[in-house]
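First up is the structure itself, then whatever we jot down about it.
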């Protein structure tokens with residue numbers, strides 16, 4: 001006979017385990033044994049986003065694990081649209097270019113919006129340590145596809161300015 005945990009106990013344990021990022025597999029097990037998986041998944045995603053935002057304001061070098069785990073949890077249960085939108089927005093803010101455009105299409109049946117595209121591109125041009133022609137080409141294609149003409153032009157100009165600065169720094 002499978003054991004189930006009440007939501008309050010499950011969420012108390014989840015809060016403790018999420019503080020130790022290495023314990024996400026234990027959180028998954030707790031969710032699997034909870035009485036109300038959708039409720040526990042929703043609360044867990046909120047905890048993850050809260051942790052992500054708290055760390056974001058403190059440090060530049062932070063783990064992406066809370067965002068990856070929040071995205072993974074969307075496969076277990078779908079919280080409300082507003083919370084899913086928050087996960088997608090934070091994935092864009094984190095610069096998870098590989099998740100776009102598929103993530104919003106898969107979980108909400110929509111294309112990335114201009115805000116998400118701007119966040120993705122902002123993350124890319126902010127990172128002065130890495131330049132990728134492949135990522136730039138993908139970001140340009142997505143900006144052209146998912147942004148208004150005016151916003152697309154602004155975002156593409158930012159990418160080109162980043163590339164120009166990168167090339168000038170390399171040639172020194």
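On the basis of the beta-carbon distance and an R0 of 30 Å, residue 140 and residue 108 show a calculated FRET efficiency of 0.80.
Under a Gaussian network description of the chain, with springs only between Cα atoms under 10 Å, the residue in 23, 33, 150 that fluctuates furthest is 150.
Computed from the Kirkwood radius of its Cα pairs, the Stokes-Einstein diffusion coefficient for the chain at 25 °C and 0.890 mPa s stands at 140 µm²/s.
Once the Cα atoms are used to define both axes, helix 37-56 deviates from the longest principal axis of the chain by about 50 degrees. What is the helix-to-structure angle for 133-146, meaning the angle in degrees between its Cα long axis and the longest Cα principal axis of the chain, kept from 0 to 90 and rounded to the nearest 10? Around 80 degrees separate the two axes. Would you calculate, for the chain, the mean residue ellipticity at 222 nm contributed by helices, counting each DSSP H stretch of 4 or more residues as -39,500 (n - 2.57) and dividing by all residues, to the nearest 500? Per the formula, -22000 deg cm²/dmol. Of all the options 93, 20, 78, the one that moves most in a Gaussian network model of the chain with Cα springs shorter than 10 angstrom is 20. Here the relative contact order of the chain, from alpha carbon pairs under 8 Å that lie six or more residues apart, stands at 15 percent. Relative to the longest principal Cα axis of the chain, at what angle does helix 7-18 sit, 0 to 90 degrees, rounded to 10? With both axes taken from Cα atoms, the answer is about 40 degrees.
The relative contact order of the stretch 93-162, computed from alpha carbon pairs under 8 Å that lie at least 6 residues apart in sequence, is 34 percent. The distance between label points at residue 161 and residue 81 comes to 3.4 nm (points 7 Å beyond Cα on the Cα→Cβ vector).
Values quoted throughout were computed directly from the atomic coordinates according to the rules given, and no laboratory measurement underlies them. Remember, predicted model here, so these are calculated numbers, not experimental data. Here the Cβ is made from the backbone with ideal geometry for all residues, glycine too, and neighbour counts use every protein chain on show.
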